[in-house]
Amino acid sequence: MSDLPNFERMFRLDGKIAVVTGGSRGLGLHAATAFLRAGAKAVFITARKAEGEQGINQAVDKLNKLGLKGKAFGIPANVAQESEIVRLVEEVKKHEDKVDILVANAGATWGSRFEDAPDSSSQKILDLNVRGVFNLAQKFSPLLEKAGTHDDPSRIIIVSSTAGTNVPHVGEHGTIMYSVSKAAAHHLSRNLAVELGPRNITTNTVAPGFFPSKLANGLIEILGGENELNDSNPRRRLGVPEDIAGVMVFLCSRAGNYINGEDIAVDGGARLAAGRLTKL
Ligand SMILES: NC(=O)c1ccc[n+]([C@@H]2O[C@H](COP(=O)([O-])OP(=O)(O)OC[C@H]3O[C@@H](n4cnc5c(N)ncnc54)[C@H](OP(=O)(O)O)[C@@H]3O)[C@@H](O)[C@H]2O)c1
């Protein structure tokens, strides 16, 4: 028999403290929900908007109505700006003196012809998807270091995209700088894995394919809609919240303890069948 102590708790996050950027909707909200349902003690979600249908407050209300032991907290912050990240860290410190999990999920995209992309679009994308992620890791590292141990390291998860490893869209609705920013996020993750691993912090990348969301819905429509994309996916569907929940809990639980510097694509295999001549 193998020695697998506490196997029953292998995928649990009991007592953990998590920060999720872009947690008010979409993939970030899927991750925050999963963390609380896996036993996390506190999940701090952040986004720019506090009010309204898409704001943080409605998300926090919904999470706290799940009737779970852990609590959700909302802190508005623009994580494309260093000063806002510093403030976010200080706000979290008012509640907790350590952080076990940081999910750098908030991201921006831009679609246009190559010739039409203004410099401001590149700046917006790089500020949030690359500089912002670096700054988040840097400013949260003292709190992450405090929580991590040799046996149970703290976790940084960078939400990238399969666009970070392939060239998904050029031409009329090209997303060149988005794709470039996500490639940078992948390599940032590998660098952080080596830099922070000895400080008991692991870093990994989750690279989603298409999941219906405010960010993705426009492009999904442009590409022919959900049915068309289902047909071109080896699994014949787009991503659903459970797909993100599963990989997030896995990477942040004891089950993911020894994984460091990995990219995990969550796309049903679509990135492998992305060639223009591929017809499944
Ligand atoms: N959905 C997909 O198909 C897909 C595929 C591949 C990769 N991704 C990646 O997954 C991540 C989440 O995307 P999503 O589809 O869930 O998008 P979404 O539904 O549009 O959610 C984006 C979240 O980020 C927040 N946000 C945006 N800019 C921010 C900023 N400067 N500071 C703080 N928060 C900010 C938004 O809230 P506010 O607007 O209030 O700030 C919102 O909470 C992104 O990194 C994206 O690139 C998504």
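The values are calculated or read from the model by the stated rules, or taken from the named source; none is laboratory data. These numbers come from a predicted model, not from an experiment. Note that each Cβ is placed from the backbone with ideal geometry, even for glycine, and that neighbours are counted across all protein chains shown. Heads up: the accessible areas ignore ligands, DNA and RNA and are worked out on the full protein's heavy atoms, side chains in. Shrake-Rupley method; radii C 1.70, N 1.55, O 1.52, S 1.80 Å.
Would it be correct to say that ILE101 is of a type outside the set (Gly, Ala, Ser), away from the ligand (no atom under 15 Å from the Cβ) and touching a Leu at 6+ places or on another chain (Cβ under 8 Å)? Lay out the reasoning, then the answer.
Working: of a type outside the set (Gly, Ala, Ser): yes; away from the ligand (no atom under 15 Å from the Cβ): yes; touching a Leu at 6+ places or on another chain (Cβ under 8 Å): yes.
Taking the combined requirement at face value, the residue satisfies it.
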Identify the residue in the stretch 82-111 that is of a type in the set (S, T, N, Q) and either out of contact with any Gly (no Cβ under 8 Å at 6 or more places or on another chain) or at positive phi (or both) and, among all such residues, is most open to solvent (accessible area, probe 1.4 Å). SER83
Of everything in the stretch 50-78, what is surrounded by 15 or more Cβ atoms within 10 Å (Cβ to Cβ) and of a type in the set (D, E, K, R)? Give them in sequence order. LYS71
Can you spot a residue in the stretch 168-180 that is touching a Cys at 6+ places or on another chain (Cβ under 8 Å) and not aromatic (Phe, Trp, Tyr)? no
